[in-house]
Amino acid sequence: MKQIVKKTVLKNGITVLTDYMPHAYSVAVGVWIPRGSRHEAKDEYGLSHFYEHLVFKGTKNRSALEIARAVEDHGGNLEAYTTRQETGFYAQIERSHLPLAIDVIADMLMSPRMEKSEMEKERRVIIEEIHSYDDIPEEIVGDVFNAIHFKGCGIAHSITGTIKQVNSLTHRQMLKYREQVINEIPLLVCASGKVDHDALVRLCAEKFSRKKVNGSLPADTYKSSNSVKVVQKQDIAQSNLFWGMSFDRNLMDERGRCALSLFNVAMGAGMASRLFQKIREDKGLAYSVYSTADIYLDCTDWGVSLATEPHQLKTAMELSLNETRNFLKHGFRKGEYERTKANILGGMYLGADSPEKRVVRMAEQMLHLGEIRTMESTEKIIRSMPEDEVVSYVNRLFDAAKFSAAVIEPAGRKKTELDVDFF
């Protein structure tokens, strides 16, 4: 699983990374802005996500329809997303059309029109998007967890912002952010596939020539607290739970990241995981139950999500806590460690065939880890890591972490009181 990764930093601060895949017919190429919702001021909540939408509405050179057709008319696809850490724009297309894909994305970021009338139309679209999330308790409970656990930190507020916050965003704020992207914020360009690195560097120097300044990255500030919150909501039938923890990234090196990944897969990253088998298969308490981990530049979080009947909530939560306690005390069960390693390595092998998965992996490593860890180096650590080292590492992380729990439950009943004894 050897990767050929090359890196060049242009004078204007743009970093160009390529992951060479000699047998690929397609390329995935994109531009990432190292700013997400966590970097927004209080009067800017939802701005990064709004910007992601608005650059698709037209540039000085292309209409919204021409942006869509430019890539799709060649069988490709153009994607975008906003997270708490970054905003990304990428395309997958037949490899001979790489220059076109870069031209389209650079055009969107360097020459967006940002017309006031288009902003007002898109504001309505984003409000509808927020309404759609309001119908998904699983989404709401995750936002409630972040709000209470990361209070005082940018991670606490939602990526889209609330309807009130989106309604308060101004055209002047959007134009200011456009200028920051063009002139200040350092951009990351990544490409995977049969890509000529030097040719891409020259192309980026041309297409991003408008960018003159090598700016600095937005500041990240991590804060967390122990907290519990129960919220009641109309028109839902189940209670939705998210409990979890976070810790400072300084506590976790590359071996620690692999250890956390092994722990997460064993606990709740599939149908064979402990949480799925215990809570869904053995007890029949939930349809949806899983664990998840997020890695930021300055912190990492891990948590458990599930939905169940209100009267079964405490039982399901205690089962998930007990499964976690059993791992921390006793480690992996017989044969579980080898199966978990095979799961992770198999997933890496499958993803290695996809330029899209590889380009997103590369970009997110730079933005969340600050460096590239090749699949080869990760594979080497996972294959050689002793079982007891994983258990010891996870215990150290849990010992240093802070814990919180959030619940969204049906209204019209006595509010659940959670007195949680974590670890």
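No value in this document is a laboratory result; all are computed from the given coordinates. Just so it is clear, the structure is predicted and the values come from calculations on it, not from any experiment. Glycine also receives a Cβ, built like all others from the backbone with ideal geometry; neighbour counts cover every protein chain displayed.
Annotations for the structure displayed:
- Packing-based exposure ordering (other Cβ within 10 Å, fewest first) of LYS211, LYS329, LYS229: LYS329, LYS229, LYS211
- The angle separating the long axis of helix 254-268 from the principal Cα axis of greatest extent in the chain is about 60 degrees.
- Entry note, the chain: the mean residue ellipticity at 222 nm calculated from DSSP H runs of n ≥ 4, each adding -39500 (n - 2.57), is -13500 deg cm²/dmol after division by the residues and rounding to the nearest 500.
- 10 Å-binned pair-distance histogram of segment 227-410 (Cα, whole percent): 9, 34, 35, 19, 3, 0
- Loop-resident sites, segment 365-397, for GluC sites (Glu not before Pro), counting at most 14 other Cβ within 10 Å (DSSP): GLU371
- Student exercise, the chain dipole from Lys, Arg, Asp, Glu Cβ charges, in Debye to nearest 20: 600 debye
- Nitroxide proxy distance, nm - points 7 Å out along Cα→Cβ at LYS176 and ILE127: 2.3 nm
- Distance histogram for segment 310-423 (every C-alpha pair counted, 5 angstrom bins, percent rounded to whole numbers): 2, 8, 13, 14, 14, 14, 15, 10, 6, 3, 1
- Two-decimal log10 I(q)/I(0) for segment 4-207, as the Debye equation yields it once each C-alpha is a single scatterer, q = 0.09, 0.13, 0.17, 0.19 Å⁻¹: -0.37, -0.76, -1.17, -1.33
- Across segment 227-410, C-alpha contacts under 8 Å between residues 6 or more apart give a mean separation that, scaled by the residue count, equals a relative contact order of 42 percent.
- Sequence-distant lysines (8 or more away, or on other chains) whose Cα lies within less than 27 Å of LYS314: LYS151, LYS229, LYS233, LYS278, LYS283, LYS329, LYS402, LYS414, LYS415
- Exposure proxy order (Cβ contacts within 10 Å, fewest to most) of TRP302, TRP32: TRP302, TRP32
- Residues VAL420, VAL31, VAL16, VAL391 arranged by fewest to most Cβ contacts within 10 Å: VAL420, VAL391, VAL16, VAL31
- Gained length - SER225 relative to LYS334, 0.36 nm times residue gap less alpha-carbon distance: 35.7 nm
- Contact order, relative form, for the chain: 23 percent (alpha carbon pairs under 8 Å, 6 or more residues apart, mean separation divided by residue count).
- Descending principal axes extents, the chain, alpha-carbon based, whole Å: 59, 51, 36
- By the rule of a C-alpha distance below 26 Å, with chain neighbours fewer than 8 residues away ignored, the lysines paired with LYS57 are LYS42, LYS116, LYS121, LYS164, LYS176, LYS207, LYS211, LYS212.
- Angle between the chain longest axis and helix 98-110 axis [Cα atoms, degrees, rounded to 10]: 80 degrees
- Spin-label model distance (nm) - ASP388 vs ASN326, 7 Å beyond Cα toward Cβ: 2.3 nm
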